[in-house]
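*Asks:* Before we start, here is the structure in question, set down as structure tokens.
The values are calculated or read from the model by the stated rules, or taken from the named source; none is laboratory data. Remember, predicted model here, so these are calculated numbers, not experimental data. Note that we place each Cβ from the backbone using ideal geometry, even for glycine, and neighbour counts take in every protein chain shown.
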Amino acid sequence: MKGKTPYQSQTTLFQNLEELLNPEDSLYKLSNTIPWEVFDKEFANLYSKTGRPSKPVRLMVSLLLLKQLFNLGDETVVSAWVHNPYWQYFSGYSTFQWKFPIEPIDLVHFRNRIGKQGIEKIFKMSIDLHGKASLETEVVIDTTVQEKNITYPTDVKLHKKIIDKCVKISKAEGIKLRQSYKRISKQLVIDQRGNRSKKGKAKAKKSAKKLKTIAGRLIRELRRKLSEDLLEKHEEELKLFEQVLAQEKGDKIKLFR
């Protein structure tokens with residue numbers, strides 16, 4: 001016999017999350033253990049006292065922790081958050097939210113704002129609270145739905161993203177680039193697939209170097225062609241791109257993902 005779909009009262013959607021969720025859930029417990037106010041105090045001096053209010057520090061910190069816990073990328077953690085009431089409760093929300101909390105690029109800006117030391121403090125506190133294995137064992141994770149090993153080297157993906165974002169800025173501001181490198185950059189990323197053979201490794205290394213060169217070239221072209229006002233508008237993002245290109249291969253924490 002076909003089962004009936006459970007009836008969902010509309011009022012249930014607006015109930016307090018604390019009443020709806022399982023208090024024995026490990027993420028629920030973790031959210032009530034972390035002293036979130038510490039991060040507010042720690043990062044307070046990094047924000048201006050004027051201008052448009054930023055997203056809550058707890059939200060940004062919680063998203064970084066969720067990324068680490070579930071091995072997710074920026075885009076994935078943001079899109080998954082809107083479907084998960086436990087994640088929303090972990091982020092400090094009392095009722096279920098239907099909209100994305102931030103844009104993925106906001107996580108990039110937040111990491112850049114707090115720097116390596118800030119990121120290390122976030123994860124150090126979790127380790128201090130729950131032991132060295134806390135970020136791996138505190139929450140039970142279904143490994144079948146985790147994002148697996150990155151297909152291409154991290155730096156290659158970063159440099160491709162920079163190229164795409166530079167092209168996006170140029171289109172948004174009506175700047176004509178000498179070349180968009182759309183097809184070339186795509187092929188250079190594809191070249192990484194054969195990096196297991198000796199010949200493939202040499203080709204992949206050469207392609208990765210060229211991709212980085214193109215990224216730097218586009219940044220410099222934007223700096224030359226953007227007006228003073230537009231340059232000021234995109235200065236933070238362009239500086240971030242330049243920091244990424246300056247990162248060494250062995251750096252433990254990437255400022256941009």
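*Asks:* Counting only residues that are surrounded by 14 or more Cβ atoms within 10 Å (Cβ to Cβ) and in contact (Cβ under 8 Å) with a residue 40 or more places away in the chain, how many does region 214-242 have?
*Replies:* Total meeting the criteria: 13.
*Asks:* Here are some residues: K55, K49. Which one is within 16 Å of I105 (Cα to Cα), of a type in the set (K, R) and surrounded by fewer than 18 Cβ atoms within 10 Å (Cβ to Cβ)?
*Replies:* Criteria check complete, one pass: K55.
*Asks:* In addition: Is it the case that R196 is farther than 18 Å from V108 by Cβ and modelled with pLDDT of 90 or more?
*Replies:* No, not satisfied.
*Asks:* Among the residues of region 87-105, which ones are crowded, with 18+ Cβ neighbours inside 10 Å and part of a helix (DSSP H, G or I)?
*Replies:* W87, Q88, Y89, F90, listed by residue number.
*Asks:* Follow-up question, since we're still on this one. Given (1) over 11 Å from the mean Cα position of the chain (by Cα); (2) farther than 12 Å from L107 by Cα, where does Q68 come up short, assuming only one miss?
*Replies:* (1)
*Asks:* Name the single residue, out of those in region 174-213 being in a helix (DSSP H, G or I) and aliphatic (A, V, I, L, M), that is surrounded by the most Cβ atoms within 10 Å (Cβ to Cβ).
*Replies:* The qualifying residue surrounded by the most Cβ atoms within 10 Å (Cβ to Cβ) is L211.
*Asks:* Continuing with this model, one more query. So G92 clears everything in (1) out of contact with any helix residue (DSSP H, G or I) (no Cβ under 9 Å at 6 or more places or on another chain); (2) on the phi > 0 side of the Ramachandran plot except one condition, right? Which one?
*Replies:* Just one mismatch for G92, condition (1).
*Asks:* Among the residues of region 57-65, is there at least one that is assigned by TED's automatic domain parsing to the domain that holds H109, of a type in the set (G, A, S) and not in a helix (DSSP H, G or I)?
*Replies:* No - not one qualifying residue is present in region 57-65.
*Asks:* Being surrounded by fewer than 17 Cβ atoms within 10 Å (Cβ to Cβ), closer than 25 Å to T76 by Cα and among the basic types (K, R): is that true of K29 here?
*Replies:* yes
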